[in-house]
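First the structure, in the form of structure tokens, and then the observations on it.
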Amino acid sequence: MASWASNGAPLAFMPTTLFILNNQGDQLELERGIQSGRAGEKRTRKMFQPNNQISDHTKSLSIQDSTALMQVDEKETSLVMKDGMQNGGFAQAESIIYYTKKLQDDLQMMGMKIKQHEDNIKLLKSQRNKLDDSILDLQVILGKYHTSTASKIENEDHSHCKSEEETTKKILQREKSAAGILWQLKTRHGTQAAHLTLTKDVLGIVAMLGKVEDDNLSRLLSEYLGVDTMLSIVCKTYEGVKALETYDNEGCIKKSSGLHGLGASIGRTLEGRFQVICLDNLRPYAGEFVPDDPQRRLDLLKPRLPNGECPPGFLGYAVNMIHVDSTSLFCVTASGHGLRETLFYNLFFRLQIYKTRADMVPALPCISDGAISLDGGMIRSTGVFSLGNREDVDVRFPKLSVTSSLPETYLDSERQINELKWKKEKMQEDMKREQALLDNAKFNFDRKKQDFLKFLADSSSYATQHQFQAAAQSRVTSR
């Protein structure tokens, strides 16, 4: 039966022999110990046959010596120790033989576990390499598309760029807000900011994670959410939330760490509260998606009046009117969800969009999560109406670009890349867990091996000692 040592070398187990291959030092050490142990075992068997006459004095010595010998597993040896004290030296000899075999079996099982973890890591590495190759192939396809369409994009309308720049400008103007400080970091350090402990789990600001088709709809949706929500920081996990703000033992904010420390380092003191949204803690949409829709819009049932007809003037649901970047449609969270079914579904739920205020009135019976109209009407929730003049929220969703309508093959390739990257991240986590288990198994194997060597040495010394005692007793008896 083969197993493995802590350094990865194979072990070959025989009934009373243990060899460590490819490691001469350990091999010689174990062989010497085993040879000594086997010799002691033979002497022990010979000495403690039932017909041997051993004096009470010799038996008491064997019991005293056994306390120094049986140190391998205190819980399991306690019963054997008691038996040894009751039955004399013969039981003690049997316990030596029993624990020699037991330690060999334990080492064999540990070696098998090490081999299993090593095989698992090898398999995971092979699968990860295949994922890397697939991702590279798809990236080459996307690169060819960008090369062929670069000249066309240069001639397109760049109004969407101005819209994004305007939103970015409005965020940066709020110098002492969390969003302003975070966006300042991104502006100064670019992609490097994504690798910082503080920001590596941050996806962005709500206002920059979606786009809409026209300015009027952008203004209405931004007003509905409010400026605080539009400036909310979005994190993937709660670990990212904790990194943004830390506390001392008394629960006070540490001004030298997190976003507070970052703001102080660039001369901007963070003031007031700020909202952070954790995607992993949101309850995602659990229904179906619109079939064959590259934007993965939610397949929500249209509202129905008591007569079964759809209310006139109904345009759709706000959650489906947000254009989500293709890189954020899939596998954003650990469970594989995208931004539409997590972030935007929890922001808008089933908020309905109508053409006019007049269209919303007959639709009141089927409005559950609020509604807005293109002429400024707003219903927050059932029975809650927002009246008066519009509030001009300057931080808005950017306008959707004409060139954002990418071909389906491009979107499909990008979706596959996101899914493969998500699988790769999961595989990396599995590899870390397997490596931790392997390290622990090797540590336990080394410790058990040392116990085994010590046990063999002690048992050999024990048998030799009793052989001398028996010889001395024999000489005394013959006189």
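What follows is calculated from the coordinates using simple rules that are stated; it is not laboratory data. Note that the coordinates shown come from a computational prediction; the quantities given were computed from them, not determined experimentally. So basically every Cβ, Gly included, is an ideal-geometry build from the backbone, and we count neighbours across all protein chains shown.
Taking Rh as the Kirkwood radius, which is the inverse of the mean 1/r over Cα pairs, what is the Rg/Rh value for region 215-347?
1.08
For the pairs Lys125/Lys236; Lys113/Lys442; Lys302/Lys399, flag any whose C-alpha to C-alpha distance is greater than 19 Å.
Among Lys125/Lys236; Lys113/Lys442; Lys302/Lys399, the Cα-Cα distance tops 19 Å for Lys125/Lys236; Lys302/Lys399.
Determine, for Lys169, Lys421, the number of other Cβ atoms within 10 Å of each Cβ, and report the residues in order from fewest to most.
If I rank by nearby Cβ atoms, fewest first, I get Lys169, Lys421.
For each of Glu223, Glu414, count neighbouring Cβ atoms within 10 Å of the residue's Cβ, then give the residues from fewest to most.
Final ranking by Cβ density, sparse to dense: Glu223, Glu414.
Within 10 Å of each residue's Cβ, count the other Cβ atoms and sort Met230, Met378 from fewest upward.
Met378, Met230
Could you calculate the FRET efficiency of Thr356 with Asn216 from 1/(1 + (r/R0)^6), where r is the beta carbon distance between them and R0 is 22 Å, rounded to 0.05?
0.95
Would you mind getting me the FRET efficiency between Thr229 and Ile97? Use the beta-carbon distance for r and R0 = 56 Å, nearest 0.05.
0.15
Translational diffusion coefficient of region 244-315 at 25 °C, 0.890 mPa s, Stokes-Einstein with Kirkwood Rh over Cα pairs, in µm²/s as a whole number.
Value of D from the Cα-based Kirkwood radius: 141 µm²/s.
Which value, in debye to the nearest 20, describes the size of the charge dipole of region 169-248 about its Cα centre when Lys and Arg Cβ atoms bear +1, Asp and Glu Cβ atoms bear -1, and nothing else is charged?
With Lys and Arg at +1 and Asp and Glu at -1, about 300 debye.
Percent antiparallel among DSSP beta bridges with both residues in region 158-400, to the nearest 5?
So the antiparallel bridges amount to about 65 percent of the total.
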